[in-house]
Amino acid sequence: MPSADQPSEQPQSEKSNQLNTDSEKLASRDLTAENNAAKERDEIAIAKVRDSLGLEKSENNINLSQHLQEYLELKDSDVEKIGFLQAENLPQTYQTQREFLDDERLNDITIAVVPDELWKKGSSVSESDAEKKLILIKQSYFEKGEDTGEIAWMAHELAHCQKFFDSETPDAYEKDMKRPAPGFEDIPTEYDYPNNPVELHAFTKQFEFLKEQGKSKEYVAKKMAEHYLKKDLPFFDRLLDNIYSK
């Protein structure tokens, strides 16, 4: 029995509860430290990517980040990983495609480089939002570069924006995406893609670029067959015949 001036021994259950509480606090601190360290590593990685790609920050890019966060359903920490640059500042491996279109209006198009783990377009590597003057491109594809244009998707997406600029109104551009392309009305289709005036313009510029780079009609046709359904191929075959017969 303890003497009157000695503190009575703490019950075992209280000791156990105290130990559990201390362990939880330590685990919480460890988790916070780990999260902070991970966040710092992400920020360093993002900075390195931006430095290597020449990606830019601007008020417009902040607005586009907000748009992409909603469109791609991203968390705040994820949207920060997307880098931006203007078309006129594209790496040299893409300048050939931009210069081929010979259109200064395209200089201010924003290119959003989206990390592969955030990409939502499946096997597609690029996408345009012409009305927002925006092109999304998958980071691994972007970093690989395409000076001579293995398939020239950058030229294709820039041509989408060019077609939008040439349209009288945004509504006219949208309507052009929902009707058959001139000269292709007889090709049966269950939907509006790719047989419509907007895609006709984009694929025409893309294929003309590839032809200029020395790619054969057979090469381009094979590439289209790798990316599109069999029922889409008559559209591409006729377009290629038109371009390579000139």
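FYI, it's all coordinate maths here, none of it is from the lab. Predicted model, so just to flag it, every value in this text is computed and none were measured. Cβ: placed from backbone, ideal geometry, glycine included. Neighbour counts: every protein chain shown.
Computed over the stretch 69-212, the percent of Cα pairs more than 25 Å apart is 30. Packing, as the average of other Cβ atoms within 10 Å across residues, places the peptides 127-137, 191-201 in the order 127-137, 191-201, highest first. Extension gain for residue 76-residue 95 works out to 3.7 nm (0.36 nm per residue, less the C-alpha to C-alpha distance). When the C-alpha to C-alpha distance is required to be over 19 Å, the pairs from 132/231; 144/222; 81/121 that qualify are 132/231; 144/222.
By count of other Cβ within 10 Å, fewest leading, how are 119, 153 ordered? Walk me through the intermediate numbers first.
Numbers: 119 18, 153 24.
Least to most surrounded, the residues fall as 119, 153.
Beta bridges per DSSP, both residues in the stretch 54-148: antiparallel share near 60 percent. Max-minus-min Cα coordinates of the stretch 167-246 on each principal axis give 37, 26, 21 Å, with the largest extent listed first. Computed from the Cβ-Cβ distance with R0 of 22 Å, the FRET efficiency linking residue 231 to residue 123 stands at 0.80. In this simple spin-label model, placing a label point 7 Å from the Cα along the Cα-to-Cβ direction at both residue 63 and residue 185 gives a separation of 4.0 nm.
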